[in-house]
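Read-outs throughout are calculated quantities, based only on the coordinates presented, and are distinct from any laboratory measurement. No experiment lies behind these values; they were computed from the predicted model shown. Please note: Cβ atoms are built from the backbone with ideal geometry, for glycine as well, and neighbour counts cover all protein chains shown.
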Amino acid sequence: MDSDIGTFPPHPIRGVRAVYARQAGCPSDFADVTVDFEPWEAGVVFEVSADLAVDGDDDPQWQAECLAAVEAGILDELTRSGPGLSPAVAVVLRRMRFHPVDSHPRAFLKAGCLAVRNALAAAHRPPRTTEERQG
């Protein structure tokens, strides 16, 4: 990471998708989340969207365990992203997708970490031109 990253995020970064899928036997690992990173006050606030989309699981207790793992992964990755990073972010979980066999809290923890990495990459990517968005 760049040693002087600055305040994160510098602008809203919405629809960040993170898929953690690892096939190493049975069971494997699978978690798929979509998260928004919104500029906020100093620190990190984690929220669950009122219209959270959940695909592939209907057990509220299991969902809560995996949701807590996503939050822990996001917080952990933001903490480890370097001394030059100053998080001032509201993270909003928009979607969770489960696999009936391969999803578990550890996979959602990894997806949370991956979401931060994807958002950091998007934050420092040059904005797309109108032609790029249309084409």
Subject >> Distant-in-sequence amide H partners of residue 98 (H built 1.01 Å from N, under 5 Å) >> reply: 55, 56, 57
Original post:
Residues with amide H under 5 Å of residue 14's amide H, sequence separation 5 or more or different chain, H placed in the peptide plane at 1.01 Å from N; which?
Top reply: 37
Subject >> Under 5 Å, built H, 5+ apart or other chain: amide partners of residue 104 >> reply: 30
**OP:** Sort 81, 28 so the one with the fewest other Cβ atoms within 10 Å of its own Cβ comes first.
**Re:** 28, 81
Original post:
Among 64-74, 115-125, what's the highest-first ranking by average C-beta atoms within 10 angstrom per residue?
Top reply: 64-74, 115-125
Subject >> On Cα atoms only, tilt of 60-80 relative to the major axis of the chain in degrees >> reply: 30
Original post:
With charges only on Cβ, +1 for K and R and -1 for D and E, what is the dipole size of the chain about its Cα centre, in debye, rounded to 20?
Top reply: 420
Original post:
What is the extension gain from residue 80 to residue 53, computed as 0.36 nm multiplied by their sequence separation minus the C-alpha to C-alpha distance, in nm to one decimal?
Top reply: 6.9 nm
Original post:
Which angle between 0 and 90 degrees, to the nearest 10, do you get for helix 105-123 versus the longest principal axis of the chain when only C-alpha atoms count?
Top reply: 20
